[in-house]
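Below is one structure, written out as structure tokens; comments come after it.
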Amino acid sequence: MPVSDKPVTDDSSPIRIAVIGSGPAGFYAAGHLLKDSSGRIDVDMIERLPTPWGLVRSGVAPDHPKIKSVTRVYEKTAQHPRFRFFGNITLGEHVSREELLAHYHAIVYATGSPVDRPLGIPGEELHGSHAATEFVGWYNGHPDHTDLEIDLTTGSGGGAPAERAVVIGNGNVALDVARMLVLGIDELTPTDTADHALEVLARSHVSEVVVVGRRGPAQAAFTNPELLELGELSDADVIVDGAELDRALAVHDADAEADITSRRNVEILRSYAEREPSGRPKRVVLRFLLSPSALIPDDRGRLGAVELVRNELVPAPGGGLRAQPTDERETIAAGLAFRAIGYRGIPLPGVPFDERSGVIPNDGGRVLDPATGTPLPGEYVVGWIKRGPSGVIGTNKKDAQETVDAILADLADGRRRLEPESPDAALVESMLRDCQPELVTYAGWSEIDRHERALGEASGRPRVKLTQIEEMLRIAACEDPSEDELAEAKSS
């Protein structure tokens with residue numbers, strides 16, 4: 001692909017940039033590009049689903065509607081006259097990296113970290129063992145996970161009742177999973193929890209959720225609001241063993257003590273340890289310095305128990321503390337286990353990828369050639385696929401600004417500006433429609449959004465999500481038997 005030596009200010013034609021992915025990082029990048037480029041840049045957002053917003057739609061817990069209100073910011077970006085959305089297009093399937101480089105001056109990869117990190121222990125494949133990423137997608141109505149089989153009545157599908165679930169991880173996703181498992185159905189019904197999940201959760205037999213983390217409470221990755229929220233559950237007591245908490249805090253951690261979030265987490269956990277259980281029908285038990293060593297099958301070959309090894313905190317070679325296993329073991333009977341130990345990115349066809357870290361190698365957002373370590377002209381990265389799964393939604397705003405600053409600097413410099421063969425807006429759209437005739441524009445998404453909201457209004461909910469791609473495409477094309485569907489929603 002030819003690289004221009006002309007500075008961006010010498011050319012009056014628009015600079016066309018493709019953003020691959022429509023989650024928070026992608027939308028913040030698009031917003032910065034449109035705001036900071038003085039009217040010079042057009043942005044096309046390409047998304048593999050017919051719907052935008054990424055984890056805001058399919059990752060944020062349904063009982064956190066305030067967090068989802070950030071979409072109002074993204075909607076303002078989408079209304080910009082130099083912004084276009086092309087959904088239902090998958091990079092590597094419908095369009096190649098090379099085709100995009102032929103039509104755009106720059107590409108920004110914003111595809112996130114969509115898969116879980118495995119535990120790497122025996123029994124991980126047992127029925128009743130689930131990735132938190134899949135469970136979260138399932139109850140949020142993500143099309144990839146709609147057909148996931150979750151049995152909350154007999155655990156792994158015919159064994160002992162699923163009265164206890166073990167959630168492995170000490171971050172906010174682990175707390176989301178735990179909370180969703182113990183929320184009352186009357187608390188979930190007014191939310192946008194997917195209909196198929198509401199039906200399963202209404203029949204749940206789960207009465208205890210044990211959340212285990214390999215490190216101590218001071219090192220846990222919970223945010224303060226998420227941890228405090230557990231104490232407000234109407235149907236569940238939060239249980240923390242005071243003696244176990246003291247043992248886990250016995251090792252001095254200067255970094256944790258200097259961090260205000262860590263200090264506050266410890267205070268919250270101490271308050272839970274001092275609180276007398278109120279006799280609620282369910283329990284969330286928080287435990288630390290434990291790592292799963294095996295998932296043990298029952299006599300039917302399904303998950304029956306989780307074997308845990310006790311850890312101790314020891315100095316790490318590079319500073320700080322690390323969890324080191326001891327010889328102590330314990331086994332917890334459980335019909336369900338959810339691994340929530342982190343997300344990782346997946347390779348994009350033709351794009352450099354670091355398998356070890358699960359991100360696209362980059363320097364400040366500039367994609368690096370793995371052979372030479374030098375930046376690839378015209379290719380950039382934002383969000384979790386850039387830095388790994390860290391931070392909250394707002395973290396992506398600053399992260400995207402760093403990448404956009406690099407893009408604008410390269411465009412102004414001219415030495416790293418690509419000169420695509422066919423950057424014309426109409427030609428680009430024609431190319432994408434040839435690649436994927438069923439692409440969905442933002443107008444198509446607006447039809448889906450309107451349809452979901454109408455269904456929700458009929459049943460007293462913010463929206464009723466469509467979970468099948470075929471139905472989304474039908475609605476996006478305005479083939480909408482809305483009167484029948486609304487009547488059915490009203491009668492349900």
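The values are calculated or read from the model by the stated rules, or taken from the named source; none is laboratory data. In this text the structure is predicted, and so the values were computed from the model without any measurement. No Cβ is skipped: glycine too gets one built from the backbone with ideal geometry, and neighbour counts run over all protein chains shown.
Listing for the model above:
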quantity: Considering residues of region 157-172 that are surrounded by 24 or more Cβ atoms within 10 Å (Cβ to Cβ) and under 18 Å from Glu124 (Cα atoms) only, the residue modelled with the lowest pLDDT; calculated: Ala162
quantity: Region 167-177 - residue that is in a helix (DSSP H, G or I) and of a type outside the set (Asp, Glu) and, of those, nearest to Ile150 (Cα to Cα); calculated: Val177
quantity: Residues located in region 173-226, provided they are within 30 Å of Val314 (Cβ to Cβ), without any contact (Cβ under 8 Å) to a residue 60 or more places away in the chain and surrounded by 22 or more Cβ atoms within 10 Å (Cβ to Cβ); calculated: Leu175, Ala218, Phe222
quantity: For Glu125: the one exception among (1) within 22 Å of Thr193 (Cα to Cα); (2) without any contact (Cβ under 8 Å) to a residue 24 or more places away in the chain; calculated: (1)
quantity: Filter result for Asp241 (over 30 Å from Gly184 (Cβ atoms) and either in the same structural domain as Glu163 (by TED's automatic domain parsing) or free of Cβ contacts under 8 Å to residues at least 40 places away in the same chain (or both)); calculated: no
quantity: Meets criteria (part of a loop (DSSP other than H, G, I, E, B), surrounded by fewer than 21 Cβ atoms within 10 Å (Cβ to Cβ) and in contact with a Leu (Cβ under 8 Å, 6 or more places away or on another chain)) for Glu438; calculated: yes
quantity: Filter result (more than 21 Å from the chain's Cα centre (by Cα) and surrounded by 22 or more Cβ atoms within 10 Å (Cβ to Cβ)) within region 104-122; calculated: Tyr104, His105, Ala106, Ile107
quantity: Checklist (1) more than 27 Å from His130 (Cβ to Cβ); (2) aliphatic (A, V, I, L, M); (3) modelled with pLDDT under 95; (4) out of contact with any strand residue (DSSP E or B) (no Cβ under 8 Å at 6 or more places or on another chain) applied to Ile260, failing item; calculated: (3)
quantity: Residue list for region 395-414, filter: buried (at least 17 other Cβ atoms within 10 Å of the Cβ) and closer than 16 Å to Leu376 by Cβ; calculated: Thr403, Ala406, Ile407, Asp410, Leu411
quantity: Tally, over region 178-208, of residues that are closer than 20 Å to Pro143 by Cβ and not in a loop (DSSP other than H, G, I, E, B); calculated: 8
quantity: Any chance Glu98 is free of Cβ contacts under 8 Å to residues at least 60 places away in the same chain, surrounded by fewer than 18 Cβ atoms within 10 Å (Cβ to Cβ) and of a type in the set (Asp, Glu); calculated: no
quantity: When residues of region 250-268 are limited to those that are closer than 10 Å to Ala218 by Cα, in contact with a helix residue (DSSP H, G or I) (Cβ under 6 Å, 6 or more places away or on another chain) and not polar (S, T, N, Q), the one surrounded by the fewest Cβ atoms within 10 Å (Cβ to Cβ); calculated: Arg264
quantity: Filter pass, Ser271 being among the polar types (S, T, N, Q) and more than 24 Å from the chain's Cα centre (by Cα); calculated: yes
quantity: Those helices (runs of 4 or more DSSP H) lying entirely in region 64-166 with at least 3 residues out of contact with any strand residue (DSSP E or B) (no Cβ under 8 Å at 6 or more places or on another chain) and assigned by TED's automatic domain parsing to the domain that holds Pro349; calculated: 65-68, 71-78
quantity: Set Gly39, Gly31, Gly54: member being out of contact with any Pro (no Cβ under 8 Å at 6 or more places or on another chain) and either more than 23 Å from Gln401 (Cα to Cα) or at pLDDT 95 or above (or both); calculated: Gly31
quantity: Residues that are out of contact with any strand residue (DSSP E or B) (no Cβ under 9 Å at 6 or more places or on another chain), under 19 Å from Val43 (Cβ atoms), among the hydroxyl-bearing types (Ser, Thr, Tyr) and in contact (Cβ under 8 Å) with a residue 60 or more places away in the chain, drawn from region 419-475; calculated: Ser422
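Rundown of residues vs (1) without any contact (Cβ under 8 Å) to a residue 40 or more places away in the chain; (2) under 30 Å from Ile107 (Cβ atoms); (3) out of contact with any Lys or Arg (no Cβ under 6 Å at 6 or more places or on another chain), yes/no style:
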site	(1), (2), (3)
Gly304	no, no, yes
Gln324	yes, no, yes
Arg339	no, no, yes
Gly364	no, yes, yes
